[in-house]
Amino acid sequence: EAGVTQFPSHSVIEKGQTVTLRCDPISGHDNLYWYRRVMGKEIKFLLHFVKESKQDESGMPNNRFLAERTGGTYSTLKVQPAELEDSGVYFCASSRPGEVSTEAFFGQGTRLTVV
Amino acid sequence: QKEVEQNSGPLSVPEGAIASLNCTYSDRGSQSFFWYRQYSGKSPELIMFIYSNGDKEDGRFTAQLNKASQYVSLLIRDSQPSDSATYLCAVKLSGGSYIPTFGRGTSLIVHP
C-alpha cells in the first residue's frame, strides 16, 4: 500500500510568488488533513477534508491560503502571494473513513522556503 | 499557557537506559493522547495512543496517563541509538474538536 505522498519535497520561492503544494492520500482514505510546522514551533493544524468537503478550516492562517480537494482524491494547498512567515514544513495526513485521526498517516512534508 | 507542552530537549541517554519523555496539557477535558516519532527529514509516525488513566505497554514503549495531573509520558526501555528522534505528544482537546493538537516535540539522543 502506497503511503501519503507530497510534492514537491522542497520549494524555494520569492516573496509575492505563488506556490501550490500537492498531497496524494492513501487510497480509500476519506479524511485528509493539512498541517504546518514553522521552525522551532509545534505542528499546527490547518484544515481537514472529508472527501471533497472542507470539514474544518479553522487553522488556516489567512485568505492567502487556499486548499482544494476536487473529486475527493488528491488535495492542493496554494499560497498566493507567499510571505516570509509562510516558510515551514507543510505536512499532509490521511485516515480511513470514520477514523478521524487516531490512525492518521503522515506524508514526508513539503519544506517551503520564502525568500 | 500553551495547550500542549513538551521540553524541547535534547534529552540524552546512554544505550540501554530508560528514556522518559513528558508532556503536559492544559485542557482538563481532553480525552485522547498520542505519541508520534519523527526521524529527521521524515514524516511523523504514530507509535502509541492512550485513552485511560494508567499505563499502556507495547514492547519497549510504555505510555502513562494521569488525567488528574494533566500529564502523559512515554517511557522507552532499553533505549537504542535507533530510537534517536523527535517525539511528538498530541492531544485531542475537548469541546468537540477531533483534531489532535501537537506539542513542539522532544528531541531524544541515545548514545552508544
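The phi-based Karplus calculation (6.51 cos²θ - 1.76 cosθ + 1.60; θ = phi - 60°) puts the 3J(HN,Hα) values of the stretch A:70-85 at 5, x, x, 9, 6, 10, 10, 10, 9, 10, 8, x, 6, 10, 4, 6 Hz, whole numbers, x for Gly and Pro. Between A:Thr5 and A:Tyr74, the simple spin-label model (points 7 angstrom out along Cα→Cβ) gives 0.8 nm. Going by amide H atoms built from the backbone, whose H comes under 5 Å of the H on A:Leu21, apart from near neighbours? Amide H neighbours of A:Leu21, under 5 Å, 5+ apart: A:Leu77, A:Lys78, A:Val79.
Using amide H atoms built 1.01 Å from N in the peptide plane, name the residues 5+ places from B:Ser84, or on other chains, whose amide H lies under 5 Å from its own. Excluding prolines and chain starts, which carry no amide H, the hits are B:Val110. A compact globular protein would have a Cα radius of gyration near 2.2 N^0.38 Å; the ratio found for the stretch A:41-92 is 1.14. For A:Arg96 and A:Thr20, FRET efficiency with R0 = 35 Å and r from the beta-carbon atoms, rounded to 0.05? After rounding to 0.05, the efficiency reads 0.85. Couplings 3J(HN,Hα) of the stretch B:65-74, computed from phi: 10, 10, 5, 5, 9, 6, 9, 9, 10, 10 Hz, in residue order, whole Hz [Karplus 6.51 cos²θ - 1.76 cosθ + 1.60, θ = phi - 60°; x for Gly and Pro]. With a 10 Å cut-off around each Cβ of B:53-65, the average count of Cβ atoms from other chains is 0.
Using only alpha carbon pairs under 8 Å that are at least six residues apart, calculate the relative contact order of chain A and give it in whole percent.
On the way: 293 pairs, mean separation 41.8, N = 115.
Once divided by the residue count of chain A, the mean separation gives 36 percent.
Counting pairs of alpha carbon atoms under 8 Å apart in space and at least six apart in sequence, what relative contact order in percent does the stretch A:1-61 give? For the stretch A:1-61, the relative contact order is 23 percent.
Using a cutoff of 8 angstrom between alpha carbon atoms and counting only pairs six or more residues apart, the relative contact order for chain B works out to 38 percent. Counted by Cβ distance under 11 Å from A:Leu66, the other residues give a net charge of +1, where Lys and Arg count +1 and Asp and Glu count -1.
The magnitude of the dipole of the protein assembly as shown, with charges of +1 and -1 set on the Cβ of Lys/Arg and Asp/Glu and taken from the Cα centre, is near 320 debye.
DSSP finds beta bridges in chain A, and of those with both partners inside it, around 90 percent are antiparallel. Rounded to the nearest Hz, the phi-derived 3J(HN,Hα) couplings of the stretch B:6-16 under the Karplus curve 6.51 cos²θ - 1.76 cosθ + 1.60 (θ = phi - 60°) are 9, 6, 5, x, x, 9, 10, 10, x, 4, x, where x marks glycine and proline.
Values in this text are rule-based calculations from the coordinates and carry no lab data. Note that the structure is predicted; figures quoted are calculated from it, not measured. Neighbour counts run over all protein chains shown; Cβ positions are idealised from the backbone, glycine included.
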